[in-house]
Each structure stands twice: as C-alpha cells, then as structure tokens.
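Just below is one structure, and these are the notes that go with it.
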Amino acid sequence: MADDGLLIEAEALLAKLRRRGLRIATAESCTGGLISAVLTAVPGSSDVFDRGFVTYSNEAKTQMLGVPAELIDRLGAVSGPVAEAMVQGALQHARRFDDSGADVAVAVTGIAGPGGGSAEKPVGLVYVAATSLVNGTCGPIYLDENRFGDMDRDGVRRSTVIAAIQAVERVLAGK
C-alpha cells in the first residue's frame, strides 16, 4: 500500500477538493490505478473521489476515454497530446450521464520501466495532464512532461503519483 508520505499528500489534496465542493476523476496508464488507490486509501475519500479509469492499453484509452486511435498511432501513447486527450476524456466521461460527476480530472501516461524505453522516450518519461470544469466545459489543461530517470518501476510510479497530485493542486490554484 501507499507509504505515509503519499497518504499525507493525498489527504491534503482531498481536503482542498472537499473545501471547494469538488470531485475528482483519474485516468491512469503507467500507474495502473495507483493514483486512485492512494486517494481512496484516505478515510472519507468517497465524498471527493468520483471514479478512476485504468487505461493501460491503447484500446482502453480509445474505448473508455475517447482518445483518437489515430493520435496514438501518430504520436504514441506516451505523449503530451495523448495525456491531454485522456484528461479531457476522463472529465467528459465522468459527467456523461448527469452533471453530478467529477469537476476535476488528472491523467498520466508514461514509461515506468524497467523496459520499454527508447532514446526518444526513455524509461521515466511521464506526461501528466490535469484540468477542471470552467462554466460547464473542460477548462485549460495543465500539462507537465516529467523525466524521472531510469529509476526502478516503483520509483517512477510513486513519483508519478506525486506529480499528479501537484498537477491537480496547480489547477486548483488557477481556479
């Protein structure tokens, strides 16, 4: 399970969301649901955490989030535009049936390793995108390219959780 440092970060973020009456959705690839797991490990998170999409495969990104397959084919799943499409899709699909879903979303896609990297896209490359609703539609997207380096898989995943929490905090600060 998540370490105390991650839980403290998650608890602080959930408190900020709670104070604003906001709910969050996640769209995760390289973390495989770890962001959702960390957020929901905090007692009482159910009033703030709306849902999580684990879209590890390219097909899942397309089917569950509406990421265009041609975008993935052209740029690869690990790219800024795919992270942006994932976060937009998470927010839209979380509100698809009514207006009571998420108000904020975060998405991550990257290479956790130890294999799978290349010179162009090395292990530890992770894109994090976050956004929130503005006047009922997806607002500006915060996008961050992280190069965590060739650390172990758990290190990349843990660093990605922290980066995702920080991205949501930046979106909240801009609101």
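Read-outs: derived from the displayed coordinates by stated rules, not from any lab. For clarity, every value in this text was computed on a predicted model and none was experimentally measured. Neighbour counts run over all protein chains shown; Cβ positions are idealised from the backbone, glycine included.
Descriptive notes on the structure:
- Over region 49-143: Kirkwood hydrodynamic radius from C-alpha pairwise inverse distances, Å: 13.6
- Rg/Rh for region 23-77 (Cα atoms only, Rh after Kirkwood) is 1.08.
- Quotient of Cα Rg and 2.2 N^0.38 Å for region 1-101, N being how many residues it contains: 1.13
- Neighbours of P68, meaning other residues whose beta-carbon lies under 14 angstrom from its beta-carbon, give a summed charge of -2 when Lys and Arg score +1 and Asp and Glu score -1.
- Estimated dipole of the chain in Debye, rounded to 20 [Cβ of Lys and Arg +1, of Asp and Glu -1, Cα centre]: 360
- Kirkwood hydrodynamic radius over Cα pairs of the chain, then Stokes diffusion coefficient at 20 °C and 1.002 mPa s, in µm²/s: 136
- Rg to Rh, two decimals, where region 89-175 supplies the alpha carbon set and Rh follows Kirkwood: 1.06
- At most 10 other Cβ within 10 Å, DSSP loop - GluC sites (Glu not before Pro), region 78-175: E120
- Scoring 105-112, 151-158 by mean Cβ neighbours within 10 Å over their residues and listing the highest first yields 105-112, 151-158.
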